[in-house]
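What follows is a single structure, and I will ask about it in a moment.
The values are calculated or read from the model by the stated rules, or taken from the named source; none is laboratory data. Predicted model only: the values in this text are computed from it and were never measured. Note that each Cβ is placed from the backbone with ideal geometry, even for glycine, and that neighbours are counted across all protein chains shown. The area values use the complete protein model at the heavy-atom level, side chains included, leaving out ligands, DNA and RNA. Shrake-Rupley method; radii C 1.70, N 1.55, O 1.52, S 1.80 Å.
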Amino acid sequence: MTIPSSSKFMEIRTTPHAGRSYHSTVDLPENSCLMDISTPYAYTIYKQFRNEVCSECFRYDGGRRSFLTCREYSESAGLSFCNDQCRDQWLIREGADAVRLLARVESARQKGKQKVKGDALPRTSGTAEDIEREWEKVRRLEKSAKDVRKWRRIALDDFQADAARYVVLALHHLFQELSSVGHVSDLGGSCWRTFVSLQSSETIRIKQFPELLDDHISIYQVLRGLFTSDKDLARQIYDGRQPEPEELLFSDVITVENVRRILAVDAGNSFGIWERPLIDNSELLGFAVYPVPSFFNHDCSPNVQSSGHGRKLRFLTTRAVTSGEALCISYGHVESLPMKERKKVLLEGWFFDCVCRKCVSESGHAE
Ligand SMILES: [Zn+2]
Ligand SMILES: [Zn+2]
């Protein structure tokens with residue numbers, strides 16, 4: 001995998017217990033900058049905050065809106081900016097098409113009442129077989145143009161629409177990469193291949209929350225319905241030929257595989273978009289997936305710390321590190337919690353039982 005050039009001090013190694021993770025290749029003093037990542041590959045700002053957060057620099061001012069002076073896309077596409085400069089930076093990187101795509105997703109957002117989670121029973125108990133079977137049904141349905149057209153009328157609740165915005169940005173970046181039209185932006189050193197090489201947590205999360213499968217399927221159906229024109233339907237269904245890069249359409253990248261993959265990597269790999277400076281009761285404004293730093297493993301006594309500067313993330317060593325040492329951050333800022341609480345947060349949020357040196361030594365003391 002390609003690591004940005006700032007990371008000449010480290011490499012990805014695969015170890016049996018920890019999988020793929022960063023290790024230092026030289027001795028490093030405290031405060032060494034390991035990487036600067038300019039932007040996430042895909043992200044979402046929750047509906048509740050998006051009129052209060054700059055879509056480019058992620059600035060948030062305790063709920064005040066007066067600093068957001070550029071609001072031309074706020075009603076239609078849910079994008080607000082500090083000023084024209086923030087807007088232009090966003091447009092240069094994402095492309096003007098991204099505004100149109102996000103506005104289309106917003107058109108499917110249910111107005112008014114919010115669905116209360118747990119209202120409806122999930123359609124399955126969420127086993128791996130259930131997941132495959134339900135998606136197989138979707139694949140069968142999408143062979144009929146009539147069914148795909150019906151999907152244009154599905155409404156998304158706020159949770160689903162916020163996730164759909166994240167999915168659309170990822171698909172848009174894939175489309176830019178594959179098609180010869182449009183420019184390919186620097187997405188924090190990541191391409192689609194880096195993004196999809198992140199660990200999937202689809203099965204484990206749907207087992208935990210079976211209703212997520214319904215959410216994922218609704219998101220897919222809405223995107224497929226909204227972005228597949230009648231002409232695209234005719235071409236894809238009756239032609240059967242693979243399109244050339246220059247004739248590729250956005251709807252060609254909206255596949256069950258791609259959408260499942262995008263939704264499978266968010267939970268275990270996303271970084272929170274937090275109100276800065278980070279304090280105990282900072283608001284969580286949204287989530288963002290930065291594929292390159294996702295290969296830092298977790299340790300409850302980390303030797304690397306991330307700091308957010310707008311949409312940028314910087315990774316610095318917190319102490320001297322010797323060559324060959326694993327480079328670890330702390331997921332979810334759990335390091336100040338007692339051992340049992342830390343382990344619970346990590347198991348529920350990141351699906352692993354922490355056996356870092358600190359946890360092992362503290363559980364030894366507890367016995
Ligand atoms: Zn801004
Ligand atoms: Zn630990």
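Would you mind listing the strands (runs of 3 or more DSSP E) fully within the stretch 1-60 where at least 2 residues are surrounded by 14 or more Cβ atoms within 10 Å (Cβ to Cβ), of a type in the set (Asp, Glu) and modelled with pLDDT of 95 or more? Step through it out loud before you land on a result.
On the way: elements: 10-15, 19-24, 33-37, 42-45.
In the stretch 1-60, no matching strands (runs of 3 or more DSSP E) lie anywhere.
Something else about it: Can you tell me which residues in the stretch 61-71 are surrounded by fewer than 20 Cβ atoms within 10 Å (Cβ to Cβ) and within 14 Å of ligand 1 (Cβ to nearest atom)?
Taking the stretch 61-71 first, the residues surrounded by fewer than 20 Cβ atoms within 10 Å (Cβ to Cβ) are 61-67, 69, 71.
Within the stretch 61-71, 61, 64, 65, 66, 67, 69, 71 qualify.
Name every residue in the stretch 253-280 that is among the charged types (D, E, K, R) and at pLDDT below 90, in order of residue number.
Step one: filter the stretch 253-280 for residues among the charged types (D, E, K, R), giving 257, 260-261, 266, 275-276, 280.
Answer for the stretch 253-280, where residues must be among the charged types (D, E, K, R) and at pLDDT below 90: 266, 276, 280.
Give the residues of the stretch 330-366 that are open to solvent by 80 Å² or more (accessible area, probe 1.4 Å) and in a loop (DSSP other than H, G, I, E, B), sorted by residue number.
Within the stretch 330-366, 336, 353, 355 qualify.
With respect to residue 312, is the statement that it is at pLDDT 90 or above, open to solvent by 40 Å² or more (accessible area, probe 1.4 Å) and within 16 Å of ligand 2 (Cβ to nearest atom) true?
Values: at pLDDT 90 or above: yes; open to solvent by 40 Å² or more (accessible area, probe 1.4 Å): yes; within 16 Å of ligand 2 (Cβ to nearest atom): no.
So residue 312 fails the test.
Check whether at least one residue in the stretch 254-268 is out of contact with any Asp or Glu (no Cβ under 7 Å at 6 or more places or on another chain), within 16 Å of ligand 1 (Cβ to nearest atom) and over 24 Å from residue 179 (Cβ atoms), and report yes or no.
Checked against the condition, which is being out of contact with any Asp or Glu (no Cβ under 7 Å at 6 or more places or on another chain), within 16 Å of ligand 1 (Cβ to nearest atom) and over 24 Å from residue 179 (Cβ atoms), the stretch 254-268 yields no hits at all.
Is at least one residue of the stretch 127-136 among the polar types (S, T, N, Q) and over 20 Å from residue 273 (Cβ atoms)?
Looking only at the stretch 127-136, we keep the residues that are among the polar types (S, T, N, Q), and these are 127.
So of that shortlist, the ones also over 20 Å from residue 273 (Cβ atoms) come out as 127.
Scanning the stretch 127-136 turns up at least one residue that is among the polar types (S, T, N, Q) and over 20 Å from residue 273 (Cβ atoms).
Which of the residues spanning the stretch 323-367 are near ligand 2 (Cβ under 9 Å from one of its atoms), among the charged types (D, E, K, R) and either farther than 30 Å from residue 25 by Cα or out of contact with any helix residue (DSSP H, G or I) (no Cβ under 9 Å at 6 or more places or on another chain) (or both)?
Listed by number, the list holds a single entry, 357.
Which members of the stretch 102-147 meet the condition of being open to solvent by 50 Å² or more (accessible area, probe 1.4 Å), at pLDDT 80 or above and in a loop (DSSP other than H, G, I, E, B)?
If the condition is that a residue be open to solvent by 50 Å² or more (accessible area, probe 1.4 Å), at pLDDT 80 or above and in a loop (DSSP other than H, G, I, E, B), then 110, 125, 143 are the ones that fit.
Table: residues versus (1) farther than 23 Å from residue 170 by Cβ; (2) not assigned by TED's automatic domain parsing to the domain that holds residue 222.
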position: 59; (1), (2): yes, yes
position: 67; (1), (2): yes, yes
position: 84; (1), (2): yes, yes
position: 92; (1), (2): no, yes
position: 101; (1), (2): no, no
position: 104; (1), (2): no, no
